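I have placed the structure first, in the form of structure tokens, so that the comments after it can refer back to it.
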Amino acid sequence: MTFLSPWRLARLTVRPSEAGEHLAAATPEAHDVILRLVLPLSVVPPALAWIGGATFGWRLGGGEPLYIPAGGLALISLAYFVALVTGFVSTALVASWMAGTYGARREFGAHLAFVALVGMPAILASVAHLAPHAFVNMLLLIPALIWCLYLLYRCLPAALGTTPEQGILMASSVVAYVLVAFVSLLGITVVLWSGGIGPSLGV
Amino acid sequence: MNAVDLHRRLERHSGLLIFGILFVSAIGGLVQVLPSVLDDRLATPGPDVKPYGPVELTGRDIYIRESCGTCHSQQVRPLLAEVRRYGAFSRADEFAFDRPFLWGSKRTGPDLHRIGGRYSDVWHRLHLLDPRAVVPDSIMPAYPWLGERAADAEGDIQAKMRALRLLGHPYTDADIEAAPAALEGLTEVDALVAYLQGLGTSTGGDTR
Amino acid sequence: MPAGERYHDRVAGWLTGFAVLWSLLGMTAGVYIAAELVWPTIDFGQEWLSYGRLRNLHTNAVIFGFGVSALMATAFYSVQRTCHVPLFAPGLAWFVALAWQATLLAGGASLLAGWTGGKEYAELEWPIDIAIAVVWVCFAVVFFGTIARRRIQAIYVSNWFYGALIIVIAMLHIVNSLAIPVTWSKSYSLFAGAQDAIVQWWYGHNAVGFLLTGGFLGMLYYFLPKHADRPIWSYRLSIVAFWAFTYSYIWAGPHHLHYNAVPEWVQSLGMIMSLVLLAPSWATMVNGVMTVAGAWEKLRTDVALKFIVLSLAFYGLATFEGPMMSIKSVNVVSHFTDWTVGHVHSGALGWNALITFGTFYFLVPRLVGAELHSTRLANWHFWLALAGVMLYVLAMWGAGVSQGLLWLSLDEIGELSFSFKDIMASMAPYYALRLVAGVVFLSGAVLMAINLWMTVKGRVIVRVAPPAVAESAA
């Protein structure tokens with residue numbers, strides 16, 4: 001499949017109609033998508049976060065930069081990688097589980113490819129992690145997330161074979177799932193950290 | 001009659017439905033809230049917890065009027081980091097005379113329960129009249145009008161203390177008589193500073 | 001049945017208009033205080049513009065002005081149609097509508113003057129509290145009076161939720177507002193300290209539960225089937241969900257008091273029941289989603305339906321996040337932070353505002369028997385609303401989680417890693433983003449106000465007769 005490479009997929013993020021057509025015409029195997037798209041894409045943000053954190057240190061406000069010890073940084077990056085892979089795969093699983101309700105195609109591989117496309121802008125914007133400052137990250141990631149949402153609503157009908165109206169409904173359900181998954185991630189992170197797994201907290 | 005049948009009866013009879021809603025929604029309050037309201041241990045002041053004097057009471061009411069509790073909490077939680085940052089954690093017996101309670105639900109600014117005695121009166125006055133004079137990055141609003149108004153401008157301190165006495169605060173007649181004199185010559189910022197300086201200074205014992 | 005009988009819809013129309021005005025006022029106040037957290041000197045030394053005063057105006061205007069007016073409007077509109085009978089005591093209904101506005105205007109002015117009882121979402125002082133109680137009793141009389149005269153035997157599910165709104169809010173308001181008055185502008189709460197805290201959050205959480213959740217579920221259960229032109233997906237589910245909801249929500253209050261000076265058993269009970277609450281909340285969401293899923297073709301022609309669909313997504317988020325934040329080990333980090341603020345607004349903007357906007361886009365054209373003035377404007381509004389609420393929530397998640405973790409952070413020798421001041425200063429970009437979010441969301445609402453005004457301009461409320469059906473044994 002032509003789009004099963006991170007570079008081609010990145011180009012497609014700025015050509016939504018082409019992206020929709022490519023995905024509609026393809027029936028990728030799930031393992032192909034995971035090996036050639038999901039895993040490589042999920043490596044990028046954690047790697048950049050590791051480099052930025054180790055080289056420049058995290059900055060909060062006007063204080064001194066904070067250097068998390070190398071072991072801690074590696075652990076955070078590993079957890080970040082796992083979270084991203086889980087995010088991609090679980091979103092595709094939920095989407096294919098919902099497919100029947102919205103008249104969409106059911107192939108798991110197609111859903112994985114679509115989710116990879118939708119997440120691509122955020123992956124690209126994670127270059128902001130090289131500058132570990134909250135403000136810079138927000139400046140780049142927020143517009144990227146807006147683009148992700150745009151791709152979700154714009155390309156879903158073509159990519160997954162629904163009518164435009166079913167597409168809006170399904171996209172909204174995917175948004176609901178992603179929000180719930182993200183907030184769960186916040187909750188789990190917080191529980192782990194306050195339980196002692198992570199930087200020390202005085203609870 | 002199973003549950004669905006019971007419901008079908010309720011939905012055909014508005015009186016039963018109203019009663020059903022009231023009954024079901026009252027249970028939680030009866031189990032959780034009522035025992036707490038009747039539990040004297042939650043209302044008994046600690047050994048050295050006193051009702052607010054006229055100046056502190058005036059200051060507290062200014063704190064309420066300006067909604068300081070919107071940004072500042074008064075509740076140090078029993079967590080290691082919190083106790084390190086603010087001092088001893090807050091106990092129920094310290095709040096017996098707090099009407100209403102001012103524990104807050106947001107810390108845009110720091111917790112204030114143990115602020116008493118931490119900063120000088122001068123610091124507090126400067127800070128309240130213009131926060132950025134002492135904390136350049138502060139986003140707290142300035143309260144210049146507090147320095148311009150008399151503490152007893154409303155003239156209602158005796159009425160307030162009488163109302164609180166009705167609610168069980170142990171004020172004597174002498175206390176109430178002397179109240180206006182205590183406020184004479186003071187501005188609102190003086191009263192507020194007095195309130196802040198008294199916060200959390202009781203050491204108290206264990207009332208459990 | 002009298003030949004000339006018509007539904008009394010003018011009062012619902014006026015209440016809708018008032019609701020729109022309150023939404024603009026309340027959200028403008030919200031945007032202003034968000035700006036004050038970025039530029040603290042824009043109160044220009046004026047008391048009534050000060051953050052503390054404006055914040056109270058904001059919360060009261062959006063909840064009691066916008067929220068309640070919208071609930072009254074939709075309750076009056078829908079109760080007639082679900083009972084096939086015009087409003088009981090229409091004169092009293094007008095009194096309710098107008099007296100509510102007058103009460104809130106007086107209340108809003110009093111809040112700016114600093115007349116506050118100091119308890120969240122119950123700031124209004126005792127004279128206004130009494131006025132609220134009087135108007136509320138009249139609201140109950142009109143609503144339940146209409147139901148008592150119904151021509152359809154079974155009371156439809158939306159009316160159970162509106163009914164619960166009326167009954168439970170009355171109970172909560174009366175108990176939590178108990179106080180000894182001192183002057184017209186000042187009273188002291190009957191309860192003190194820890195006891196006051198427990199009563200306040202029994203009230204506060206259930207104001208959210210029965211006003212912001214339950215009442216708007218009433219709106220959902222009536223208007224969604226109308227939009228979709230299909231019945232609710234599962235009647236049985238709606239029964240179970242309603243009673244489980246009404247029972248369990250009440251217990252959840254103490255999750256506002258984790259690690260505070262209240263008994264351990266109260267906190268734990270609050271936490272457990274908050275988790276239990278997830279089930280009936282999501283049951284309703286599923287009911288809504290499945291109802292719409294079967295009617296997707298409607299989205300082609302019904303711009304309002306998009307708002308309802310999105311509101312269900314945020315309802316799902318907020319009712320998941322709430323129980324999650326009620327878990328003590330999450331709460332230890334989230335309490336007192338902006339995460340709570342983010343949670344509030346995902347519900348208030350994502351659920352309450354969006355479903356109300358969708359309902360108004362549906363209702364207003366029907367009230368005047370015309371088409372919505374501009375579908376394009378409404379579509380713009382949809383995207384602005386989505387962008388606004390997403391930005392808001394992301395900003396507050398960022399701020400809240402970092403605040404919470406940094407406040408608790410200790411270094412290798414057990415000392416605090418960061419000063420409060422430094423953590424506070426690092427919030428600035430999040431607060432700036434939140435301000436942008438608010439402006440975006442408000443601008444969408446302004447478009448709606450214009451659109452609805454153009455729809456009703458020069459028109460009158462259409463007079464509709466109840467159907468000539470015999471009493472059915474549905």
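Worth pointing out:
- Length-normalised contact order of chain B in % [C-alpha pairs under 8 Å, at least 6 apart]: 28
- Each helix, a run of at least 4 DSSP H residues, gives -39500 (n - 2.57); summed and divided by the residues of chain A, these come to -24500 deg cm²/dmol at 222 nm.
- Taking label points 7 Å from Cα along the Cα-to-Cβ direction, B:ALA159 and B:VAL134 give a separation of 3.3 nm.
- Neighbouring partner chain Cβ atoms per residue of B:89-99, average, 10 Å criterion: 5
- Residues A:LEU66 and C:VAL462, FRET efficiency given R0 of 41 Å [Cβ-Cβ distance, rounded to 0.05]: 0.05
- Above-threshold pairs, the threshold being 31 Å between Cα atoms, out of C:LYS119/C:LYS226; C:LYS119/C:LYS306; B:LYS50/C:LYS186; C:LYS186/C:LYS328; B:LYS160/C:LYS328; B:LYS50/C:LYS119: C:LYS119/C:LYS226; C:LYS119/C:LYS306; C:LYS186/C:LYS328; B:LYS160/C:LYS328
- Other residues within the sphere of radius under 11 Å centred on the Cβ of B:VAL193, judged by their own Cβ, net out at -3 (K and R +1, D and E -1).
- Estimated vicinal HN-Hα couplings, Hz - the range C:261-276 in sequence order (Karplus 6.51, -1.76, 1.60; Gly, Pro = x): 7, 10, x, 4, 5, 5, 5, 5, 4, x, 5, 4, 5, 5, 6, 4
- Pairwise centroid distance, computed over Cα atoms, of the range C:165-232 with the range C:301-363, Å: 18
- Remark on B:THR187: its backbone amide H falls under 5 Å from those of B:ALA151, a criterion applied only to residues 5 or more positions apart or on other chains, H modelled at 1.01 Å from N.
- Seen against the Cα atoms of chain A and their longest principal axis, helix A:70-102 is set at about 20 degrees.
- Rounded to the nearest Hz, the phi-derived 3J(HN,Hα) couplings of the range C:289-304 under the Karplus curve 6.51 cos²θ - 1.76 cosθ + 1.60 (θ = phi - 60°) are 4, 5, 5, 6, 4, x, 10, 5, 5, 4, 4, 4, 10, 10, 5, 5, where x marks glycine and proline.
- In sequence order, calculated HN-Hα J values of the range C:321-334 (Karplus, 6.51, -1.76, 1.60; Hz; x Gly/Pro): 5, x, x, 5, 6, 7, 5, 4, 6, 7, 4, 4, 8, 7
- The range C:361-473: relative contact order in percent, alpha carbon pairs under 8 Å with at least 6 residues between: 47
- Of all aspartates and glutamates in the structure, the ones whose alpha carbon falls short of 19 Å from that of C:LYS421, not counting any fewer than 8 places away in one chain, are A:GLU64, B:GLU82, B:ASP111, B:ASP130, B:ASP137, C:GLU36, C:ASP338, C:ASP411.
- When shorter helices are ignored and each DSSP H run of at least 4 residues is given -39500 (n - 2.57), the per-residue value for chain B at 222 nm works out to -14000 deg cm²/dmol.
- Just checking the listed ones, A:MET138, A:MET170, A:MET98: in the Gaussian network model of chain A with Cα springs under 10 Å, the one fluctuating most is A:MET138.
- The stretch between C:GLN153 and C:VAL240 holds 29.3 nm of extra length on full extension. This uses 0.36 nm per residue minus the Cα-Cα distance.
- Projected label points at B:TYR119 and C:ASP229, each 7 Å from Cα along the beta carbon direction, are separated by 6.5 nanometres.
- Over chain C, the pair-distance histogram of Cα-Cα distances with 10 Å bins from zero comes to 4, 19, 31, 29, 13, 4, 1, 0, 0 percent, rounded to whole numbers.
- Tensor-based shape of the protein assembly as shown (alpha-carbon gyration tensor, a/c under 1.5 rounded, otherwise prolate or oblate): oblate
- Distance in nm between pseudo-label sites at C:TRP265 and B:ARG9 (7 Å out along the Cβ direction from Cα): 3.3
- For chain A, modelled as a GNM whose springs connect Cα atoms under 10 angstrom apart, the maximal fluctuation among A:GLY71, A:GLY20, A:GLY119 occurs at A:GLY71.
- Three-way shape label, the range C:189-320, alpha-carbon gyration tensor, a/c 1.5: prolate
- 13 Å reach of a label modelled at C:TRP184, 7 Å along Cα-to-Cβ, counting backbone N of the range C:122-138: C:126-128
- Unit charges at the beta carbon, dipole of chain C: most positive-side option, C:GLY215, C:ALA61, C:THR337: C:GLY215
- Estimated FRET transfer efficiency (A:LEU78, C:GLU415; beta-carbon r; R0 25 Å; 0.05): 0.35
- GNM flexibility winner over chain B from B:LEU38, B:LEU126, B:LEU57 (Cα, springs under 10 Å): B:LEU38
- Rounded to the nearest 20, the Cβ-based charge dipole of the protein assembly as shown about its Cα centre (Lys and Arg +1, Asp and Glu -1) stands at 2800 debye.
- Going by neighbour counts of Cβ atoms within 10 Å, the residues B:THR187, B:THR44, C:THR319 line up, fewest first, as B:THR44, B:THR187, C:THR319.
- Count Lys and Arg as plus one, Asp and Glu as minus one, and take only other residues whose Cβ is under 11 Å from that of C:VAL462; the net charge is then +4.
- Applying 1/(1 + (r/R0)^6) with R0 = 25 Å to the Cβ-Cβ distance of B:ALA150 and C:ILE42 gives a FRET efficiency near 0.35.
- Helix-only [θ]222 nm of chain C, DSSP H runs n ≥ 4, -39500 (n - 2.57) each, per residue, nearest 500: -22000 deg cm²/dmol
- Tilt relative to chain A, helix A:108-125 - C-alpha long axis, 0 to 90 degrees, to 10: 40
- Segment A:THR101-A:ILE188, length gained on full extension (0.36 nm per residue, minus Cα span): 28.3 nm
- Summing Cβ point charges (Lys, Arg +1; Asp, Glu -1) relative to the Cα centre of chain C gives a dipole of roughly 1800 debye.
- For chain C, the relative contact order works out to 17 percent when only alpha carbon pairs closer than 8 Å and six or more residues apart are counted.
- Taking the longest Cα principal axis of chain A as reference, the axis of helix A:16-25 is set at about 60 degrees.
- Residue (of B:PRO131, B:LEU34, B:LEU102) at the positive-pole extreme of chain B, dipole from beta-carbon charges: B:LEU34
Where a number appears in this text, it was derived from the coordinates with a stated rule and is not lab data. Keep in mind that this is a model prediction, so the values were computed, not measured. Here Cβ is always computed from backbone atoms with ideal geometry, including for glycine, and neighbour counts include all displayed protein chains.
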